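Okay, so here's the structure we're looking at.
The values are calculated or read from the model by the stated rules, or taken from the named source; none is laboratory data. Note that the structure is predicted; figures quoted are calculated from it, not measured. Here Cβ is always computed from backbone atoms with ideal geometry, including for glycine, and neighbour counts include all displayed protein chains. Please note that ligands, DNA and RNA were not included when accessible areas were found on the heavy atoms of the full protein model with its side chains. Shrake-Rupley method; radii C 1.70, N 1.55, O 1.52, S 1.80 Å.
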Amino acid sequence: MQSFDFSAELVPGLPNELGLECLTRLPYTAHRLAFRVCHRWRDLLQSQDFYDHRKKLGYTQKIACLVQAFNGGIVNGPKKPGELPSYGVAVFESLSQCWYKLPPVPKYPDGLPLFCQLASCEGKLVVMGGWNPASYDPVTDVFIYDFTTQQWKQGKDMPSKRSFFALGACSGRVYIAGGHDENKNALRTAWVYDLRNDEWTQLDDLSKERDECEGVVIGEDEFWVVSGYGTERQGQFDGSADVFGFKSGQWRVAEGVWEPGRCPRSSVGMGKGGELINWADLDPAVRVGSCGIPLGDRVLVTGSEYQGGPHGFYMVEIKGGQNGKLKKISVPDEFSGFVQSGCCVEI
């Protein structure tokens, strides 16, 4: 916290060290109210240094953000014949078992772009890409949700239109790779988005085209672009991955890390031992439409037993590379439907 000005007391009558400790212990849900107290509190609570300080001391909280379909306020609720559902972001707080919805993005008040992607970056939620819900045209939009201010803002557009790409985030940057362009051509290109500077930088290309690939970040070391297929191999998913080293800035190829022919979208996770996990393999109850969101020592896993079946929500512990048993959790009706994608946000 050396960059913050402590020339005046944060809390009248208390040394600044104690005042800082008091504010550090405020739950994130109280931040929006707290930063209205004075300009100094607002500047502190919204600063990156304060977030890093809370994270270092263990006062942050991991939540799951899920893209779900909402109709009349109910997930997978009644809709008119031929009408597609509108999508929004549902939030699950594992400690309190509380569910709620984020406000809609101002540009898309009737629902998020279809098949948009989520990433967590420095305590904020980043939404990228997808299809315009009215025209189904791919979009380059980038939106950032700040849980402190409880507001959306628009970031710099993606450099080009792409769908079903791999995405991952680490140290204030969001990485995207692969997918396909608006002409359905599979892509090898990759870019990185700097959240603080609102800028895009192109990376070296992948080793091959990877449409419908999945992105997985391992700690603060690597970004994995798993499986996918080329333009001429439609639907023939590859068993390899391109791996980007954050320190080296270089790609390498990892062979035999995924079962060829299986779609990795939303179902790829990383175990404690650094191995790839297919959430669909944990239990027959989640073999269809599976999605896993790590929340510290536990993972929120969703999925169905069969195509069109009811969607279940479970918690599972991953210890020493071993997968624990699924434990079903109770979910309000309006949050009980299909999860398109999701991520963990530490706030």
When region 145-155 is checked residue by residue, the ones that are surrounded by 14 or more Cβ atoms within 10 Å (Cβ to Cβ) and outside any strand (DSSP E or B) are PHE147, THR148, THR149, GLY155
Let me spell it out: the conditions are (1) farther than 20 Å from GLY123 by Cα; (2) modelled with pLDDT under 85, and GLU17 meets all of them except one. Which number is the exception? (2)
From the list GLU334, GLU317, exactly one residue is open to solvent by 30 Å² or more (accessible area, probe 1.4 Å) and part of a helix (DSSP H, G or I). Which is it? GLU334
So, in region 252-267, how many residues would count as being under 21 Å from the mean Cα position of the chain (by Cα) and open to solvent by 40 Å² or more (accessible area, probe 1.4 Å)? 2
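Looking only at region 90-144, filter to residues that are among the aromatic types (Phe, Trp, Tyr) and over 20 Å from CYS344 (Cα atoms); which one of those is most open to solvent (accessible area, probe 1.4 Å)? Spell out how you get there, then give the answer.
Initially, region 90-144 is screened for residues among the aromatic types (Phe, Trp, Tyr), giving 92, 99-100, 108, 115, 131, 136, 143.
If we keep only those that are over 20 Å from CYS344 (Cα atoms) too, we end up with 108, 131, 136.
Details: TYR108: 21, TRP131: 55, TYR136: 108 Å².
Among residues in region 90-144 that are among the aromatic types (Phe, Trp, Tyr) and over 20 Å from CYS344 (Cα atoms), the one most open to solvent (accessible area, probe 1.4 Å) is TYR136.
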Checked region 24-50 for anything aliphatic (A, V, I, L, M) and under 24 Å from the mean Cα position of the chain (by Cα); matches are ALA30, LEU45
Given (1) in contact with a helix residue (DSSP H, G or I) (Cβ under 8 Å, 6 or more places away or on another chain); (2) at pLDDT 90 or above; (3) among the hydrophobic types (A, V, I, L, M, F, W, C); (4) closer than 25 Å to CYS116 by Cβ, number of the condition LEU326 does not satisfy: (4)
When residues of region 213-251 are limited to those that are of a type in the set (A, V, I, L, M, F, W, C) and part of a loop (DSSP other than H, G, I, E, B), the one least open to solvent (accessible area, probe 1.4 Å): CYS213
Limited to region 178-200, what total is found for residues that are assigned to a strand (DSSP E or B) and under 19 Å from ARG252 (Cα atoms)? 3
Among (1) in contact with a helix residue (DSSP H, G or I) (Cβ under 9 Å, 6 or more places away or on another chain); (2) at pLDDT below 90, THR302 falls short only on (2)
Subset of region 201-212, residues crowded, with 21+ Cβ neighbours inside 10 Å and not in a strand (DSSP E or B), comes to LEU206, GLU209, ARG210, GLU212
Residues of region 156-165 being polar (S, T, N, Q) and surrounded by 21 or more Cβ atoms within 10 Å (Cβ to Cβ), which ones? SER163
